[in-house]
């Protein structure tokens, strides 16, 4: 089986660590390794490096290649321009078929955090078995921990009998980012999972679905397929890809396809959407402080300190997110890190591009 | 008249800006100029640079000389070792007498902040007139703004008739650092000022008082006086000064002398005892934030941001003191900056001497 890691993210939510030149998945905010290094390490017991493809944009490719020396150069697929997840996945599927094989592909975001890795791999194994046996689009669902409004909600339908231990359901409906009342209704009713953005299917299966629901994209992919491995590959990919419409695989395919299955799982998942999310998943010491770097506290509680290079002293403070970088410092009330975007907007407005 | 600026302070209360190598008076925390530069500029309309003496310790002398290029080199008096204010003032008095003149000396701390400079100079002028006319020890009193327990309280006695506009009183008693109840009593009773540590007297007057109340110190000063201007000056000062007992002019002389006068004044005084005090005296913008450096706020209130070199973004925070330096960052709840000492203690205990 193959793994396709989508590493096209930009993300200003981890400012000042994340910058235009350094998106979230290339940051070491979780520990020693960067997030994409963690993502690769996590699937290595399932997939050897020769079968791990990483799709990324031009501007971050060099750093990504540096961070993943074990991935062969030909497995790094560079999009000339970002066109959301459907073209990205289509491109990866072509590359898999071009290797003369129609195997299952695990499609994985590059920038999530998984706490229980072995459980996670069991779910992926189960999903791969189901996908290999037929023409299903399998998605991994996350058991909701609250009425979050930022995720897609997958409604489970009838269970599908399988040989394995994992529970598999038909997908009855997918509802993107509901309002709070609806999200609460979903939770009360039960049988809903969050859409994790992780998908499992055969390369031929997803291309067939793209042909049906995104024919323009499919036309473009055919052109690229012809050029793969030829002298004209680079040029054709650039012109064809650039002309594609950006569309997500969720909206473009998943919400329309017939044979969509979900395997709900619970494995300490976080999409690491903000500094608040990082505090939530970080190991904490005394008084619930999560600290990276040298620090001294005189009564500090429930703080995140992310300061790899500078000593931080906290005196009498609580519920702060403190992020130090060589040229910018963020101090944010815990629970308000969504508003870090506003800082980035203000920097743009004031033309302080060095900090972006 | 002469001015004697006492610049022997160390001070860890402005950590991380203040360090062993950079005490408070050498910091530019008030604005463009350092505190001692402000202190000198403030008295320049009263005293020309040739008559301004600065007493400092060996370890900070080089930086101080660099900061005060207008002060002649021979006016920088370097104490071989700190022995509190009485020896420091005695040494300065010797130097004034050695110049063949027995003039009034204004004795001033190097590290205070004065808001209303012209009012301040008027008080000093009045004090100098009184001191020049007789043998009084004149001290400048500060009208108390609250029952602070960290200051000395001077009780005013009978008024002394003068020609000028300033009100001059005999000092009835001096009470160092009373407890809160007593301080409140003083305020209720009225007729008390804080001891500002600023004194005005003739050089011969203070030396006569030292002879009476601190005879050992006087003996030492006589030895130094003989050596001044000779080849042996450096050696004699080093050995004699080192053998002196440390004693403050308040405890050693002021509390015992007979003819002590006080001129109370109100001129926006602060002893800049902590980062909280700096916030108090700093000009504030919208939402009472006092900012030094580049910053962006998404709802921030009543914060001090002191970050000359790094952009600081605040999101949803209030009542914080934020101080950034190249190697250390302090974030302290407003009102608790006295506890910054505890950070310095912790650094000492952990052997993190680079930050001291």
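The values are calculated or read from the model by the stated rules, or taken from the named source; none is laboratory data. Quick caveat, the model's predicted, so the values are computed rather than measured. Glycine gets a Cβ as well: all are built from the backbone with ideal geometry, and neighbour counts include every protein chain shown.
Observations on the structure shown:
- Considering segment B:168-266, the qualifying strands (runs of 3 or more DSSP E), each wholly inside and each with 2 or more residues that are under 21 Å from residue B:6 (Cα atoms), assigned by TED's automatic domain parsing to the domain that holds residue B:58 and under 22 Å from the mean Cα position of the chain (by Cα), run over B:192-202, B:260-265.
- Residue-level analysis places residue B:80 outside the set of residues that are assigned by TED's automatic domain parsing to the domain that holds residue B:200, farther than 23 Å from residue B:10 by Cα, touching a residue at least 60 places away in the same chain (Cβ under 8 Å) and surrounded by fewer than 20 Cβ atoms within 10 Å (Cβ to Cβ).
- Considering segment B:29-43, and only residues there that are at pLDDT 95 or above and farther than 24 Å from residue B:94 by Cβ, the residue that is farthest from the chain's Cα centre (by Cα) turns out to be B:33.
- Flag if residue A:149 is in a helix (DSSP H, G or I), surrounded by fewer than 18 Cβ atoms within 10 Å (Cβ to Cβ) and either in contact with a strand residue (DSSP E or B) (Cβ under 9 Å, 6 or more places away or on another chain) or at pLDDT below 95 (or both): no
- For segment B:297-307, a tally of residues being within 8 Å of chain A (Cβ to nearest Cβ) and closer than 20 Å to residue A:307 by Cα returns 1.
- Residues in segment B:17-55 that are within 25 Å of residue B:328 (Cβ to Cβ), touching a strand residue (DSSP E or B) at 6+ places or on another chain (Cβ under 7 Å) and surrounded by fewer than 24 Cβ atoms within 10 Å (Cβ to Cβ): B:17, B:29, B:30.
- Among residues of segment A:335-355 being part of a loop (DSSP other than H, G, I, E, B) and more than 25 Å from residue B:325 (Cβ to Cβ), the one that is farthest from the other protein chains (Cβ to nearest Cβ) is A:351.
- Screening residue A:126 on (1) under 14 Å from residue A:196 (Cα atoms); (2) buried (at least 20 other Cβ atoms within 10 Å of the Cβ) shows it passes everything except condition (1).
- When we screen B:50, B:74 for residues that are closer than 26 Å to residue B:20 by Cα, in a helix (DSSP H, G or I) and either over 18 Å from the mean Cα position of the chain (by Cα) or not assigned by TED's automatic domain parsing to the domain that holds residue B:235 (or both), the only hit is B:74.
- If you check B:189, B:177 for being closer than 25 Å to residue B:271 by Cβ, surrounded by fewer than 20 Cβ atoms within 10 Å (Cβ to Cβ) and in contact (Cβ under 8 Å) with a residue 24 or more places away in the chain, only one passes: B:177.
- Condition broken by residue B:240, with the remaining ones in (1) farther than 17 Å from residue B:97 by Cα; (2) buried (at least 18 other Cβ atoms within 10 Å of the Cβ); (3) in contact (Cβ under 8 Å) with a residue 40 or more places away in the chain satisfied: (3)
- Residues located in segment B:92-119, provided they are part of a helix (DSSP H, G or I), under 17 Å from residue B:56 (Cβ atoms) and under 17 Å from the mean Cα position of the chain (by Cα): B:92
- Conditions (1) touching a helix residue (DSSP H, G or I) at 6+ places or on another chain (Cβ under 9 Å); (2) not in a helix (DSSP H, G or I); number of the one not met by residue B:86: (2)
- Flag if residue A:58 is touching a residue at least 60 places away in the same chain (Cβ under 8 Å) and loosely packed, with under 15 Cβ neighbours inside 10 Å: no
Rundown of residues vs (1) within 30 Å of residue A:154 (Cα to Cα); (2) within 14 Å of chain B (Cβ to nearest Cβ), yes/no style:
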site: A:215; (1), (2): yes, no
site: A:219; (1), (2): yes, no
site: A:236; (1), (2): no, no
site: A:243; (1), (2): no, no
site: A:254; (1), (2): yes, no
site: A:295; (1), (2): no, yes
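- Hits in segment B:110-125 (condition: out of contact with any helix residue (DSSP H, G or I) (no Cβ under 8 Å at 6 or more places or on another chain) and closer than 23 Å to residue B:85 by Cα): B:123, B:125
- The numbered conditions (1) within 30 Å of residue A:200 (Cα to Cα); (2) crowded, with 20+ Cβ neighbours inside 10 Å; (3) away from chain B (no Cβ under 11 Å); (4) touching a strand residue (DSSP E or B) at 6+ places or on another chain (Cβ under 6 Å) are all true for residue A:275 except (3).
- Top-ranked residue of segment B:308-324 - restricted to ones that are within 26 Å of the chain's Cα centre (by Cα), modelled with pLDDT of 95 or more and more than 7 Å from chain A (Cβ to nearest Cβ), ranked as nearest to residue B:281 (Cα to Cα): B:321
- Check on residue B:327, within 11 Å of chain A (Cβ to nearest Cβ), on the phi < 0 side of the Ramachandran plot, surrounded by fewer than 20 Cβ atoms within 10 Å (Cβ to Cβ) and in contact (Cβ under 8 Å) with a residue 60 or more places away in the chain: yes
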